[in-house]
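Below is one structure; the comments refer to it alone.
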Amino acid sequence: MAVRMYRDSSPKYSNKIDDRSDYLMIRTSRTSDLPVLLSLTAETFEHHKRLSSHFHPDVTTPYTLESLSQMVEAEQHLCLTALNGDDITGYLFGKWTAPAANRFTPVRILNITDVGVNASHRSSGIGRQLMQAAEELALERGVAAVRLNVWAVNDHAATFYEELGFEPLYTSLQKSLVQQ
């Protein structure tokens, strides 16, 4: 993918991300991004751990440099990096799925697996622009739908995705069998 710049013209979000830059650039992730992306995934994972006890307290991130490298290099993965000037401020990871012959209508889907924005840049429009870029790339590939999962305790994220037009598809329930 060529480098693209996305400007959010929505009045809810400012075009100016901070005092150093007046644009946000979204591009495919590069191997040179991986150390910063690994750190940013750890920040995002820490945020999730504060929301729910379901995350293992000793795990700092679900990724390694090797697993991120494999994702960046794999054709079936979408890895986007958001830059504010030279600073990496966000990421979006997804996986392209082909139609399967099963009980569901066979459609090409982009499954968004992870989205993260640096804490100091949250609510500035970066997540929205990452999602917009992913949707544009999905349309270019003839994808019929974008799907993602949100933890039930993450009300802020659920509201964000609903504002982007996402609707509940199914509900996953869990019953703990371990006494606390």
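Okay, here's what the table says:
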{"item": "Count of residues meeting criterion [surrounded by fewer than 13 Cβ atoms within 10 Å (Cβ to Cβ) and not in a loop (DSSP other than H, G, I, E, B)] in region 157-180", "result": "3"}
{"item": "Single residue of region 28-49 satisfying the filter (charged (D, E, K, R) and either modelled with pLDDT under 70 or in contact with a helix residue (DSSP H, G or I) (Cβ under 9 Å, 6 or more places away or on another chain) (or both)) that is farthest from Leu80 (Cα to Cα)", "result": "Lys49"}
{"item": "Residues of region 145-165 classified as in contact with a strand residue (DSSP E or B) (Cβ under 7 Å, 6 or more places away or on another chain) and not charged (D, E, K, R), total", "result": "4"}
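A quick yes/no check of all residues on (1) at pLDDT below 90; (2) open to solvent by less than 30 Å² (accessible area, probe 1.4 Å):
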position: Ile109; (1), (2): no, yes
position: Ser120; (1), (2): yes, no
position: Val143; (1), (2): no, yes
position: Leu148; (1), (2): no, no
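The values are calculated or read from the model by the stated rules, or taken from the named source; none is laboratory data. Small disclaimer: the values here were computed from a predicted structure and weren't measured. So basically every Cβ, Gly included, is an ideal-geometry build from the backbone, and we count neighbours across all protein chains shown. The accessibility values were calculated without ligands, DNA or RNA, using every heavy atom of the protein model including side chains. Shrake-Rupley method; radii C 1.70, N 1.55, O 1.52, S 1.80 Å.
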